[in-house]
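Below: one structure, written as structure tokens.
The values are calculated or read from the model by the stated rules, or taken from the named source; none is laboratory data. Just so it is clear, the model here is predicted, and its values are computed rather than measured. Methodologically, a virtual Cβ is constructed for each residue, glycine included, from the backbone with ideal geometry; neighbour enumeration extends over all protein chains shown. Accessible surface is based on the protein model in full, side chains and every heavy atom, while ligands, DNA and RNA are left aside. Shrake-Rupley method; radii C 1.70, N 1.55, O 1.52, S 1.80 Å.
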Amino acid sequence: MADIGVIAVTAAGRAAAGRLVAAWPDEAEVVRAEPPAEALRRAFTGSGAVVGFLAVGATVRVLAPLLGDKSTDPPVVCVDESLRFAVAVLGGHHGANELAHRVAAVLGCEPVVTTASDSVAGTPLDSYGADLGFTVADPGPLARVGAALLSGEPVRLEGAGDWPLPALPDSADAATPAADAAAVIAVTDRTDGPGTPDGPGHPLTLVYRPPSLVVGVGSARGAPAEEVGGLVDAALADAGLAPASVRAVATVDLKADEAGILAAARDRGWDVVTRPAAELAAVDVPNPSEVVRAEVGTPSVAEAAALRTAADAGRAAELVVAKRKSANATVAIARLRPRGRLAVVGLGPGARDLTAPRAVAELGRASVVVGLDQYVDQVRDLLRPGTRVLDSGLGQEEERARSAVCAARTGAAVALIGSGDAGVYAMASPALDFAGADIDVVGVPGITAAAAAANLLGAPLGHDHAYVSLSDLHTPWEAIERRVRAAAEGDFAVCFYNPRSRRRDWQLARALEILAEHRPPETPVGHVRNASRDGERVRLTTLEDMLAGGVDEVDMFTVVLVGGSASRAVAGRFVTPRGYRWKG
Ligand code: SAH
């Protein structure tokens with residue numbers, strides 16, 4: 001039977017079921033039987049997931065006698081007759097929440113998710129750190145620890161500080177002594193830590209395994225998988241290290257096809273990374289061997305491969321298990337220090353629906369947010385409880401960029417936010433000027449003011465165009481004027497950012513005069529104030545009118561778009577044609 005069994009009872013339900021099957025032809029299949037309750041039972045016992053165009057109550061009554069374990073039962077989503085809601089009814093954390101979102105996307109209805117830890121407010125514990133490769137050592141305490149967190153009881157947080165994790169509520173704190181805590185959340189690659197059978201820990205401890213270990217191996221040709229695997233298992237066990245924290249197995253290029261190593265790694269679900277001997281030879285190791293150098297061209301395979309791989313991408317690494325040998329194999333284990341994460345996030349021009357979903361996700365994944373007060377206010381509802389906000393007033397751009405990078409350097413997940421696109425006359429460049437290779441940086445594009453304004457005006461940027469900032473705070477006016485002249489001579493349409501302020505009141509008129517020397521007086525000019533924000537104002541006028549006093553309407557909340565010589569107003573809309581004819 002199909003991955004997703006779909007049940008419909010009414011004509012409307014059958015039509016909607018048809019839409020789901022058409023959208024997911026390889027996954028979804030309508031399950032038919034009479035009476036409909038029988039179809040539902042069949043779908044539940046025979047499919048990987050169930051979508052029913054049925055009432056929640058009827059569904060629960062039919063399925064109640066069949067319910068088993070939530071981790072093995074198929075997730076169930078119900079959609080109401082008038083296609084308003086896709087309700088995750090059973091198995092929320094086992095696929096139903098996600099399925100409800102997918103169904104909602106196809107049918108254009110609202111997903112309804114009622115599991116507590118999925119509320120926008122909190123970081124769901126079952127996926128805490130999942131994008132970093134975290135796994136939950138034992139899901140048993142998940143629900144009770146989640147409940148403690150949601151109800152604001154003190155929770156001790158251990159070992160999380162090194163990883164760029166999303167925020168947890170303030171009640172989760174590294175400083176809370178275990179004795180005072182209702183529960184402990186521990187991030188550790190050790191098996192003898194708190195919450196483990198041998199550990200001294202708190203009775204209610206949720207342990208996450210971070211992907212922090214790299215196992216280096218070497219072997220003689222033909223070394224059996226059992227020997228290699230046994231040696232690795234023993235090295236981990238003796239050092240009190242969790243196999244679930246192994247990120248990869250590393251070895252030398254020459255062993256890329258060594259069956260024993262590959263099979264031992266595969267059996268344990270680990271990837272194998274190989275490195276050239278010359279690269280390994282350059283790694284400083286405690287136990288080099290001249291015999292090995294003579295054979296493979298590097299004095300160390302296991303130690304060097306483990307260290308080199310753990311230290312990938314500028315990370316710090318330490319050897320936690322020095323070389324151990326069996327008859328035909330060697331093993332060593334290195335631990336990597338995670339890197340902080342700086343997300344440079346453009347929020348778009350203002351309206352929430354012009355903010356990219358990826359930007360929203362980054363805000364929810366950050367533990368520290370840095371930005372101007374006004375932008376932080378714009379997205380406060382998207383931040384998880386416990387997120388630290390470093391806001392500051394206008395003009396301290398450099399300082400904001402620095403504090404964001406410094407926070408990332410301590411290992412945090414930081415979002416540096418700005419309006420429009422953070423890379424356009426904004427925070428990305430000062431931040432990246434300052435950021436070293438010791439942090440990860442991701443940029444999330446935003447809709448820049450030029451694009452927001454252009455779409456309100458028509459299609460003014462349909463051909464080659466230039467952005468010019470008229471702010472002479474960081475750039476001498478002569479340089480700005482030279483660029484405006486070049487744009488004028490090149491017949492570029494131009495979008496002016498930072499066009500005019502109370503103190504800088506003559507620059508815009510001067511720039512327009514330069515453009516007017518090269519294009520006709522009736523050239524369209526559009527200016528938009530507060531695009532997609534409260535008080536949005538859109539004006540379409542001409543170069544001539546702007547120079548006859550029109551500039552007075554322009555301020556720092558405005559962008560000004562000036563057409564090229566081929567641009568024109570068509571039915572009240574600003575159009576720069578694609579077909580280009582030189583009129584200069
Ligand atoms: N990073 C921003 C630009 C920052 S420079 C972006 O990509 O949009 C600041 C200037 O951008 C303002 O002086 C104004 O000219 C322009 N601007 C920013 N948002 C705007 C909006 N919503 N409407 C009109 N102009 C805007």
Seminar exercise, completed: One finds the C-alpha centres of the stretch 476-525 and the stretch 312-363 to be spaced, in Å, by 45 Å
For this session: Could you state, as a whole-number percent, how many of the C-alpha pairs of the stretch 340-447 are farther apart than 17 Å?
Result: 43 percent
Exercise. Considering only protein heavy atoms and a 1.4 Å probe, what is the carbon-and-sulfur percentage of the accessible area of the stretch 213-337?
Worked result: 51 percent
Problem set entry | Approximate spin-label separation D464-D192, in nm, with each point projected 7 Å along Cα-to-Cβ | 7.0 nm
Exercise. Which aspartates and glutamates have a Cα lying under 16 Å from the Cα of K255, excluding residues fewer than 8 positions away in the same chain?
Worked result: E227, D271, E279, E295, E303
Exercise. What is the ratio of the Cα radius of gyration of the stretch 434-584 to 2.2 N^0.38 Å, where N is its residue count, to two decimals?
Worked result: 1.08
Problem set entry | Highest-first arrangement of 399-406, 205-212, 108-115, where packing means the average Cβ count within 10 Å | 205-212, 399-406, 108-115
Problem set entry | Packing-based ranking, highest mean first, of 129-135, 157-163, 525-531 given that Cβ atoms within 10 Å are counted | 525-531, 157-163, 129-135
Exercise. Using 0.36 nm per residue, how much length does the chain from A316 to E279 gain when fully extended, once their Cα-Cα distance is taken away?
Worked result: 11.6 nm
Exercise. In nm, to one decimal, how far is the modelled label at D170 from the one at S151, with both set 7 Å along Cα→Cβ?
Worked result: 2.1 nm
Exercise. Taking R0 as 30 Å, what's the FRET efficiency between R388 and E110 from their Cβ-Cβ distance, rounded to 0.05?
Worked result: 0.40
For this session: With a 1.4 Å probe and every protein chain left in place, work out the accessible area per residue of the stretch 236-293 in Å², rounded to a whole number.
Result: 50 Å²
Exercise. In percent, what relative contact order does the chain have, based on Cα pairs under 8 Å that are 6 or more apart in sequence?
Worked result: 9 percent
Seminar exercise, completed: Sorted list, accessible surface of protein heavy atoms, 1.4 Å probe, largest first, for E513, E226, E81, E38 is E226, E81, E513, E38
Problem set entry | Highest average packing first - 18-31, 548-561, Cβ atoms within 10 Å | 548-561, 18-31
Exercise. Rg and Dmax of the stretch 213-337 over Cα atoms: what are they, in angstrom?
Worked result: 12.6, 35
Problem set entry | Solvent-accessible area of H518 with every protein chain in place, 1.4 Å probe, in Å² to the nearest 10 | 70 Å²
Exercise. Mean separation of Cα pairs under 8 Å and 6+ residues apart, divided by the residue count of the stretch 340-447: what relative contact order is that in percent?
Worked result: 46 percent
Exercise. Considering the stretch 10-160, what Rg and Dmax in Å follow from its alpha-carbon atoms?
Worked result: 17.3, 56
Problem set entry | Taking the C-alpha atoms of the stretch 400-443, convex hull volume expressed per residue in Å³ | 64 Å³
Exercise. V21 to N328: extension gain in nm, 0.36 nm per residue of separation minus the Cα-Cα distance?
Worked result: 105.0 nm
For this session: Provide the gained length on full extension for the span E38 to F434, in nm with one decimal, where the gain is 0.36 nm per separating residue minus the Cα-Cα distance.
Result: 136.1 nm
Exercise. What spacing in nm lies between the two simple spin-label points modelled at A179 and A143, each 7 Å away from Cα in the Cβ direction?
Worked result: 3.2 nm
For this session: Give the accessible area for L347 in Å² (nearest 10); use a 1.4 Å probe, count only protein heavy atoms, and leave out ligands, DNA and RNA.
Result: 0 Å²
Exercise. Debye sum, Cα scatterers, the stretch 141-235, no solvent: what log₁₀ I/I(0) at q = 0.15, 0.22 1/Å?
Worked result: -0.65, -1.08
Problem set entry | In Hz, Karplus ³J(HN,Hα) per residue of the stretch 274-287 (6.51, -1.76, 1.60; θ = phi - 60°; x = Gly, Pro) | 10, 9, x, 4, 4, 5, 5, 4, 7, 8, 7, 10, x, 10
Exercise. Hey, what number do you get for the chain at 222 nm if only DSSP H runs of n ≥ 4 count, each worth -39500 (n - 2.57), divided across all residues, to the nearest 500?
Worked result: -8500 deg cm²/dmol
Exercise. Based on the Cβ-Cβ distance from R510 to V570, what FRET efficiency comes out when R0 is 35 Å, to the nearest 0.05?
Worked result: 0.75
Exercise. What are the principal axis extents of the Cα atoms in the chain, in Å, biggest first?
Worked result: 88, 76, 52
